[in-house]
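Note sheet for the following structure.
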Amino acid sequence: MTPIPRCPPAGGAAVTGAGAPPHGGARPGPFPPSPPPPAVSRIHLPRLPLPPSLSSSSSPASPSSPSPAASALHPSDEALSAMSPREQTSLLSRQRCWRRARDLFGRMRALPGYAPNPVHDAVLLRHLSRARRWDELHRAWLGMALPPSNSAYAAVADALAKAGLARGALLLLRHMRARGVAPDEVSMNTFVRVLKDQGRYADALALFRNWCDGRFEVDFLHLDDIAIDSDGPMQFLLADTYDDKFAAAAAGVPAIDEGPRKPKLVATYNTLIDLYGKAGNLKDALVMFLDMPTLRVMPDTYTFNTLINVLGLSANMAQAEALFANMVVRGINPDTKTYNVMMTVFASIGDLYGVLKCYRQIGKAGLDVDAVSYRIVLQALCERKMVREAEDMIEGILNSGGSVHEQSLPVVMKMYVDLGLLDKANSFFERHCKGKGVSSKNFAAIIDVFAVKGLWEEAEHIFFSRRGDGNNKDIVEYNVMVKAYGQAKQYDRVSSLLESIEESAVSPDECTYNSLIQMFSVSGFPQRAKKLLGKMKDAGFQPKCETYSAVIKSYSRHCLVPEAIDLFNEMKSSGVEPNIVVYGLLIDMFAETGNIKEALHYSNLLEESGISPNQVVLTSLFKAYSKYNCWKEAQDLYSRMKNMVGGPDIIASNAMLNLYAKLGMVSEAKEIFDSLRRNSHADDVSYTTMVYLYKGMGLLSESTKIACELHKSGLLSDCVSYNAVMACHVAKGNLRDCAELVQEMIVANIPPDASTFGMIFSLMQNGHVSAAEVLQLESAYNDGKSSAKQAIIAFLFSIAGMHTAALEICEQLLRPEWTIDAWAYNVCFKVYASCGKVEKAFSLFMRMNDLGLKPDTVTCIHLATCYGKPRVSEGLRTNALLEYRTDELMPSHNALAAYIEAGKHNVAVQLVKK
C-alpha cells in the first residue's frame, strides 16, 4: 500500500515563529480575561525540559557507526525474502543513509522471485532526492523496471521542493502529462503544496479544481517558461519528455478525463485549508473544514493546527480560541505544535499574557517544549523590551543543554540596541554568535540592527568578526554594510568595501548595485552613481526605471542638465520606458532653470507615451509659466487641475497666487486666497504672498489684517513669514511689536536675515535714534563683525523698552571669551544706561580706557545720558571722566570737570553732547 505523506502544519514561517508578529489589539475569546502582568514585575517562566533533539548531548547516529537499532535494519537475505512487500517498504523507508537505502534496494531486487514494486522505487527516489544525489537519482530513474508511478513522481517532487528546487519539481507535471499518467490524490496534493509554497495560490487552486473535475491540464502553469540548467538535476527528465518515442506515445494518449471526484485524504484537506487561508479566502477554508465529516474524513491535529493558524492570523481570535477548545472536546489532543500555533497567534496581536499562558500549558499537558516554543516566547519578551525576563529564558535554555536558536539572535540584539545597552549587546554577541555556526543571513540581520541606528562602527565589528567553520560572508551582508555606511554618511568606507567584494569569491547582486546607486545619488554624488550604473550593466544586470530615476534626480538637483538628458536617452535606448517620475524630474528641472520650451517638450512626450500628468508634473509646469509671467497659460493649467480628483494642491495654488501677486492682479489673487482659507489649506506662503501684495498696492490696512491673522495662525515657521508680519509693523512704526517679533524668532531658533536687519535699521532711523548711532551699527553689520547681529538686536530691545532681553545679550557679549570693538561697548553702554544701571555703564566707560579704545561721538552721547540720572554721585561722574584721558579731548575734560565741580550739571551735559 502506498504510504500517504503527511502534510506539515500550516502557517509555514508563522508557525515556526520566524516572522515578527505586530503589536496591538486586545484578546477576545472564551478564556476568562486576565490583564497581563505589569511591566515592572518579574514574569516567572517555568523551565520546561528540552526534548532530546534540542539537547547538545544527543546527536543523530552517524552512518559510519550504526547503533544496535540500525544494525537490526540489515537482516540476512533469507530474512529479507521472508518479509512481505509492506514490511520491505517499511524497512527501506527507515534507512537513514542514502547509500544504505540504495544497497538495500539492490539486495531486494536480487531476491529470487522479487516482483517489481513501484512503492519501493518511490522510496528509493525520495532518499536520493533528499540527499541531492542527482547522478544516482538519474541511474535509479532509468533503472526502474516499471514506468514511473504516481508515488514516484510525488516522492521526487516533494524532495526537490524541500531541497529548494520547487520550479524543477513542477516540471514533473509535464513529464506525467507526456507519459499519460494522471495524478492521483497523493501526487495532486504534493504539487498543490509546491505551488502554494511558491505563492502561486491561483494556480494551485486551478490544479486542484481541474483534478476534482477529472481533468489533467498543465498549460495554464506555463511550465515551458521554467529555465533549467543544462547540467542541472532535472535535465535528464527534460530530455526524457522530448524523447521521440515518448513524444509519439504521448501523441497517442487520449485526453485524461476520469470524471468528477472528491478528495478523501486528510492531508489533502490540510493543504487546501492552508492554501485558502494564505490566499485570503477564509470562507472557503471553513467550508472545506466543515465538509470533512460529511465525506467521512476526520480532522486530525494538523487540521486543527492549520485552521487555528489561518483564523488567528486573519484576526479572528475568538474563533481561533473556540476551535482550540473544540479540539479537546472532539478527543483530539493538542500537541506542542498546536500550542506553538496559539502562541504565534497571540504574539501577532501583541498579547504577551496569551503567549505565556499557552507556554505554561505545554508543561501541564505533559508535552515537551521545542525550539519553536522558546523562539516565540523569547521574541515576545524582546519586543516588549523585558530584558530581565528575556535573559532568564536564555539562561533556562542554556541550563537545559540547548542553545539560543539563531533566528532569535537578531531579535535579542535588537532589544539591547533599541534600549541603548550596547555593552550587553556586545557581550551577547561574543557569547552566542561569534565563532558559532550562525548563517550569513542572520549575521546580516544582526548587522542591520546597528545599521538602522547609524552605528556603523558596531556594524563593522559584526561584519569582520570570526565565523564558524563553513560560514562565509554572503552578498547580503555586504549589502547591509552598504546601508550602514550610507546611513552614517561614511562614503569613503564604501570604496574599501567594494574592493573587498572584488577580492572575495562573492559577486555583487542587483541589490548591491541598486543600494550603491541610490546611496550616491541621494548623497549628492551623481557621477559616482552613473559610473556604478555602467558597472551594473557590464555585470549583466538590467537597471530598472527606479534606478535610472535616482541618478536623474541627483543630476536635476545639481542642475546638470546635459547629463540628465543623456541618461534619459540612454535609458530609452536600453529599452527601459520612463515613468511619470522620470518625466516629472525633467520637467521640474527645466522649470527651475526657466526653460519653458523644454519643460513643455517633455510634458508633451509624457502625454504621447500614454501617461496622464499628475499634480506634481502640472505644478512643475506652473514654475515655468511663473518665471515668464505667462499668467494666461498658467490660468488655463490651473483650471485643468481644478477638474482633477482632489483639485490643485497647495503648491500649485501658491504658485498661481504668486503669479497674480507679481502682476498686481489683486482680485484674482484674493479669490484663490479666500478659497484656500475656506478649506483650511492656506499656509505661511499663502499668507506671506497676500501680505506683500496688499502692502505693495498701498492697501496697508488689509496687509496688516492678513499679517495679524498669520501671526495668530501658528503658521510662522521661517524668516520669510516673520519678515512679512514685521513689514506691516515697520510700515506703521510699531517699534515694540517688531522687537517682540524678533524675540519670537530667537526663541524659535530662526535667525533674522538681511531683510530683517534692514527693517530694524529703518525703524531706528524713524525712532528718534541719532544718525551717528544707526550709521555705526549699519557699518558693523555690513563689515560682518562677529558680534554685530547680537549688538543690533540688543540695541533694538533697549530702545523698545525690553530691558531684560537687552541685558541678557549684553551679558553674553561681555564674557571674557568674547573680543568686541568700541561700537559694541557703546551698545552695552547704551543698554546699561537706559535701564538705570549707571554704575555698570561708568565701569564699561573705564574699561574702554583700560583697553585703549578711544571715545567717539556715540560714546559721548551715551555718556551724556548718564548725567541727570538720579542716585549718581558727583565723584563717580568726575572720576569716570578724568580717568578717560586723551590728548584730543583733554581741554574738554578739564572744562567738563570744572562745570561738574561748580554744580553746573546742565552745562556739563551740553558740553558732552557738543
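The values are calculated or read from the model by the stated rules, or taken from the named source; none is laboratory data. For clarity, every value in this text was computed on a predicted model and none was experimentally measured. Heads up, the Cβs are rebuilt from the backbone with ideal geometry, glycines too, and the neighbour counts pull from every protein chain shown. In case anyone asks, the SASA skips ligands and DNA or RNA and just uses the protein heavy atoms, side chains included. Shrake-Rupley method; radii C 1.70, N 1.55, O 1.52, S 1.80 Å.
Are any residues in segment 726-741 touching a helix residue (DSSP H, G or I) at 6+ places or on another chain (Cβ under 6 Å) and either touching a residue at least 40 places away in the same chain (Cβ under 8 Å) or exposed (fewer than 14 other Cβ atoms within 10 Å of the Cβ) (or both), and if so, which ones?
Once the filter is applied, which keeps residues that are touching a helix residue (DSSP H, G or I) at 6+ places or on another chain (Cβ under 6 Å) and either touching a residue at least 40 places away in the same chain (Cβ under 8 Å) or exposed (fewer than 14 other Cβ atoms within 10 Å of the Cβ) (or both), segment 726-741 yields Leu735, Cys738, Ala739.
Select from segment 502-536 the residues that are charged (D, E, K, R) and in contact (Cβ under 8 Å) with a residue 12 or more places away in the chain and list them in ascending order. If you could, list the steps in order and put the result at the bottom.
Here is the first cut: in segment 502-536, the residues charged (D, E, K, R) are 502-503, 509-510, 528, 530-531, 535.
Result: Asp509, Glu510, Lys530, Lys535.
From Ile580, Ile565, which residue is surrounded by fewer than 22 Cβ atoms within 10 Å (Cβ to Cβ) and under 30 Å from the mean Cα position of the chain (by Cα)? Full working, then the answer.
Numbers: Ile565 fails: under 30 Å from the mean Cα position of the chain (by Cα).
When all the criteria are applied, what remains is Ile580.
Yes/no matrix, rows are residues, columns are (1) touching a Phe, Trp or Tyr at 6+ places or on another chain (Cβ under 7 Å); (2) not in a loop (DSSP other than H, G, I, E, B):
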residue	(1), (2)
Arg467	no, no
Val476	no, yes
Val480	no, yes
Glu502	no, yes
Ser515	no, yes
Met519	no, yes
Ala529	yes, yes
Glu563	yes, yes
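Limited to segment 380-390, what total is found for residues that are surrounded by fewer than 17 Cβ atoms within 10 Å (Cβ to Cβ) and out of contact with any Lys or Arg (no Cβ under 7 Å at 6 or more places or on another chain)?
Total meeting the criteria: 2.
State whether one or more residues within segment 68-88 are open to solvent by less than 40 Å² (accessible area, probe 1.4 Å) and within 27 Å of Gly168 (Cβ to Cβ). Lay out the reasoning, then the answer.
Taking segment 68-88 first, the residues open to solvent by less than 40 Å² (accessible area, probe 1.4 Å) are 70, 73, 75, 80, 88.
Filter again for within 27 Å of Gly168 (Cβ to Cβ), leaving none.
So far as segment 68-88 goes, no, none of its residues is open to solvent by less than 40 Å² (accessible area, probe 1.4 Å) and within 27 Å of Gly168 (Cβ to Cβ).
Is there any pair with a first residue in segment 121-136 that is closer than 13 Å to Ala161 by Cα and a second that is open to solvent by 20 Å² or more (accessible area, probe 1.4 Å) and assigned to a helix (DSSP H, G or I) whose Cβ atoms are under 9 Å apart and which are 6 or more apart or on different chains, and what are they?
Partner pairs satisfying both residue conditions: Arg126/Ser93; Ser129/Lys162; Arg130/Trp98; Arg130/Lys162; Ala131/Trp98; Ala131/Arg99.
Looking at (1) farther than 25 Å from Thr89 by Cβ; (2) at pLDDT 80 or above, which is the one condition that is false for Ala155?
Single failed check for Ala155: (1).
If I filter segment 689-725 down to residues being in a helix (DSSP H, G or I) and acidic (Asp, Glu), which single residue comes out as most open to solvent (accessible area, probe 1.4 Å)?
Residues of segment 689-725 in a helix (DSSP H, G or I): 689-696, 700-713, 719-725.
Remaining after also requiring acidic (Asp, Glu): 702, 709.
Values: Glu702: 73, Glu709: 58 Å².
It comes out as Glu702.
Testing Ile793 on (1) of a type outside the set (Asp, Glu); (2) assigned to a helix (DSSP H, G or I); (3) over 50 Å from the mean Cα position of the chain (by Cα), one condition comes back false. Which one is that?
Every condition holds for Ile793 apart from (3).
Only one residue in Phe795, Phe761 is at pLDDT 85 or above and within 19 Å of Met848 (Cβ to Cβ), so which one is that?
Working: Phe761 fails: within 19 Å of Met848 (Cβ to Cβ).
Of Phe795, Phe761, the one residue that is at pLDDT 85 or above and within 19 Å of Met848 (Cβ to Cβ) is Phe795.
Filter segment 661-688 down to the residues that are over 20 Å from Ser721 (Cβ atoms) and of a type in the set (Asp, Glu), then identify the one that is surrounded by the most Cβ atoms within 10 Å (Cβ to Cβ).
Glu668
Picking from Phe761, Phe757, which residue would you name as being in a helix (DSSP H, G or I), under 44 Å from the mean Cα position of the chain (by Cα), within 15 Å of Val827 (Cβ to Cβ) and among the hydrophobic types (A, V, I, L, M, F, W, C)?
Values: Phe761 fails: under 44 Å from the mean Cα position of the chain (by Cα).
That would be Phe757, the only listed residue that is in a helix (DSSP H, G or I), under 44 Å from the mean Cα position of the chain (by Cα), within 15 Å of Val827 (Cβ to Cβ) and among the hydrophobic types (A, V, I, L, M, F, W, C).
Quick one: would you say Gly454 is under 23 Å from Glu391 (Cα atoms) and either buried (at least 20 other Cβ atoms within 10 Å of the Cβ) or free of Cβ contacts under 8 Å to residues at least 60 places away in the same chain (or both)? Outline the logic, then answer.
On the way: under 23 Å from Glu391 (Cα atoms): no; either buried (at least 20 other Cβ atoms within 10 Å of the Cβ) or free of Cβ contacts under 8 Å to residues at least 60 places away in the same chain (or both): yes.
So Gly454 fails the test.
Go through segment 402-441 and count every residue that is of a type in the set (S, T, N, Q), open to solvent by 20 Å² or more (accessible area, probe 1.4 Å) and not in a loop (DSSP other than H, G, I, E, B).
So in segment 402-441, the residues of a type in the set (S, T, N, Q) come out as 403, 407-408, 426-427, 439-440.
Of the ones still in play, those that are also open to solvent by 20 Å² or more (accessible area, probe 1.4 Å) are 403, 407, 426-427, 439.
If we keep only those that are not in a loop (DSSP other than H, G, I, E, B) as well, we get 407, 426-427.
Residues flagged as of a type in the set (S, T, N, Q), open to solvent by 20 Å² or more (accessible area, probe 1.4 Å) and not in a loop (DSSP other than H, G, I, E, B) within segment 402-441 amount to 3.
Yes/no matrix, rows are residues, columns are (1) within 32 Å of the chain's Cα centre (by Cα); (2) under 27 Å from Met481 (Cβ atoms); (3) acidic (Asp, Glu); (4) modelled with pLDDT of 90 or more:
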| site | (1), (2), (3), (4) |
| --- | --- |
| Asn333 | no, no, no, no |
| Ala371 | yes, no, no, no |
| Val377 | yes, no, no, yes |
| Lys385 | yes, yes, no, yes |
| Gly396 | no, no, no, no |
| Met413 | yes, yes, no, yes |
| Leu422 | yes, yes, no, yes |
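Please verify whether Ala39 is of a type outside the set (D, E, K, R), over 30 Å from Ala390 (Cβ atoms) and either surrounded by fewer than 13 Cβ atoms within 10 Å (Cβ to Cβ) or at pLDDT 85 or above (or both), treating the condition exactly as stated.
No: the conditions fail for Ala39.
For segment 607-660: of the residues being among the charged types (D, E, K, R) and either buried (at least 17 other Cβ atoms within 10 Å of the Cβ) or not in a helix (DSSP H, G or I) (or both), which is farthest from the chain's Cα centre (by Cα)? I'd like the intermediate steps shown before the answer.
Within segment 607-660, the subset among the charged types (D, E, K, R) is 607-608, 623, 627, 632-633, 636, 640, 642, 649.
Still in the running and either buried (at least 17 other Cβ atoms within 10 Å of the Cβ) or not in a helix (DSSP H, G or I) (or both): 623, 649.
Numbers: Lys623: 32, Asp649: 27 Å.
Among them, the one singled out is Lys623.
Looking at (1) within 24 Å of Lys385 (Cβ to Cβ); (2) at pLDDT below 85; (3) of a type in the set (Gly, Ala, Ser), which one does Ala315 not meet, given that it meets all the others?
(1)
Where residues in segment 579-596 are touching a Pro at 6+ places or on another chain (Cβ under 9 Å) and aliphatic (A, V, I, L, M), which of them is nearest to Ser521 (Cα to Cα)?
Within segment 579-596, the first condition is being touching a Pro at 6+ places or on another chain (Cβ under 9 Å), and the residues that meet it are 580, 583-584, 586-587.
The next check asks that each one be aliphatic (A, V, I, L, M); those that pass are 580, 586-587.
On the way: Ile580: 19, Leu586: 16, Ile587: 19 Å.
Step by step, filter segment 579-596, then rank; the result is Leu586.
Taking segment 160-173 as the region of interest, how many residues are open to solvent by 20 Å² or more (accessible area, probe 1.4 Å) and at pLDDT 80 or above? Outline the logic, then answer.
Taking segment 160-173 and keeping what is open to solvent by 20 Å² or more (accessible area, probe 1.4 Å), we get 161-162, 164-165, 167.
This time we only want the ones that are at pLDDT 80 or above, so: 161-162.
Total meeting the criteria: 2.
Restricting attention to segment 504-513, and to residues there that are assigned to a helix (DSSP H, G or I) and of a type outside the set (Asp, Glu), which single residue is surrounded by the most Cβ atoms within 10 Å (Cβ to Cβ)?
In this case the residue turns out to be Thr512.
Looking at this structure, is Leu813 under 22 Å from Gln743 (Cα atoms), open to solvent by 10 Å² or more (accessible area, probe 1.4 Å), aliphatic (A, V, I, L, M) and under 51 Å from the mean Cα position of the chain (by Cα)?
On the way: under 22 Å from Gln743 (Cα atoms): yes; open to solvent by 10 Å² or more (accessible area, probe 1.4 Å): no; aliphatic (A, V, I, L, M): yes; under 51 Å from the mean Cα position of the chain (by Cα): yes.
Judged against the criteria, Leu813 is not a match.
Residues of segment 828-844 being open to solvent by 10 Å² or more (accessible area, probe 1.4 Å) and either modelled with pLDDT under 75 or in a helix (DSSP H, G or I) (or both), which ones?
Going residue by residue through segment 828-844, those that are open to solvent by 10 Å² or more (accessible area, probe 1.4 Å) are 830, 834-837, 839-840, 843.
Lys830, Ser834, Glu839, Lys840, Ser843, listed by residue number.
Would you call Glu778 modelled with pLDDT under 90, open to solvent by 40 Å² or more (accessible area, probe 1.4 Å) and touching a helix residue (DSSP H, G or I) at 6+ places or on another chain (Cβ under 8 Å)? Show your work before the answer.
Working: modelled with pLDDT under 90: yes; open to solvent by 40 Å² or more (accessible area, probe 1.4 Å): yes; touching a helix residue (DSSP H, G or I) at 6+ places or on another chain (Cβ under 8 Å): yes.
Considered against the rule, which asks whether it is modelled with pLDDT under 90, open to solvent by 40 Å² or more (accessible area, probe 1.4 Å) and touching a helix residue (DSSP H, G or I) at 6+ places or on another chain (Cβ under 8 Å), Glu778 comes out as yes.
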